[in-house]
1. Checking the condition touching a His at 6+ places or on another chain (Cβ under 9 Å), without any contact (Cβ under 8 Å) to a residue 60 or more places away in the chain and assigned to a helix (DSSP H, G or I), which residue from I69, I28 passes?
2. Checking the condition within 25 Å of V9 (Cα to Cα), within 19 Å of the chain's Cα centre (by Cα), part of a loop (DSSP other than H, G, I, E, B) and touching a residue at least 12 places away in the same chain (Cβ under 8 Å), which residue from G134, G82, G138, G89 passes?
3. What number of residues within the range 7-31 satisfy the criterion of being more than 16 Å from the chain's Cα centre (by Cα) and surrounded by 15 or more Cβ atoms within 10 Å (Cβ to Cβ)?
4. Looking at (1) assigned to a loop (DSSP other than H, G, I, E, B); (2) touching a residue at least 12 places away in the same chain (Cβ under 8 Å); (3) among the aliphatic types (A, V, I, L, M), can you tell me which one M77 breaks?
5. Looking at F56, is it under 18 Å from I100 (Cα atoms) and part of a loop (DSSP other than H, G, I, E, B)?
6. Name the residue, out of I64, I95, that is outside any loop (DSSP other than H, G, I, E, B), crowded, with 16+ Cβ neighbours inside 10 Å and either at pLDDT 80 or above or acidic (D, E) (or both).
7. Is the range 32-45 home to any residue that is at pLDDT below 95, out of contact with any Lys or Arg (no Cβ under 9 Å at 6 or more places or on another chain) and either surrounded by 17 or more Cβ atoms within 10 Å (Cβ to Cβ) or at positive phi (or both)?
Amino acid sequence: MDYVLNILVLIASFLAMEFVAWNAHKYIMHGFLWRWHKDHHRPDLKTFFQKNDYFFLVFAAPGITSLVIGLFMSKSMLVMVGAGISIYGMTYFLIHDVFIHRRLKWLRNSNSKYLKAVRRVHKLHHKNLGKEGGECFGLLWIPLKYFKS
């Protein structure tokens, strides 16, 4: 029975990360740490690494910490929280950096309505080049209106 609870904690942690990511993007990345994020909104700065990539390290820390502490203290729930956070991070990397921004040459073509909507929403977000006035700060949850062509 513990394994069912562990799986539920893993799924809940993964899903909760969309809420965390949305808020972090809106209030931290477009807030007090805009100086790290603004190069990501500058299409004229085409570099492989950006200051925005620092967020990868910041956002990976809670997942890694949860995994390490959970493993050393034999706390399976904490391990599942760390795994959920880490799986979300890998998903974010694959969708945001690989699929949307094409930083690697994988996942270039897709006929998926969902993935097309993800790309559409992200392009809409990037239309705004400044710190203020943006919209669509999440990654995986897409409002239904963006599924229309």
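The values are calculated or read from the model by the stated rules, or taken from the named source; none is laboratory data. Predicted, not measured: the structure shown is a model, and the values here were computed from it. Here the Cβ positions follow ideal geometry from the backbone for every residue, glycine too, while neighbour counts run over all protein chains shown.
1. Working: I69 fails: touching a His at 6+ places or on another chain (Cβ under 9 Å).
On inspection, the qualifying residue turns out to be I28.
2. Values: G134 fails: within 25 Å of V9 (Cα to Cα); G82 fails: part of a loop (DSSP other than H, G, I, E, B); G89 fails: part of a loop (DSSP other than H, G, I, E, B).
Result of the check over G134, G82, G138, G89: G138.
3. Keep residues of the range 7-31 that are more than 16 Å from the chain's Cα centre (by Cα), which gives 7-10, 31.
Subset that is surrounded by 15 or more Cβ atoms within 10 Å (Cβ to Cβ): 9-10.
So the answer is 2.
4. All conditions are met except number (1).
5. On the way: under 18 Å from I100 (Cα atoms): yes; part of a loop (DSSP other than H, G, I, E, B): no.
No; evaluated as a whole, the condition is false for this residue.
6. Answer to the check: I95.
7. Yes, that holds for at least one residue.
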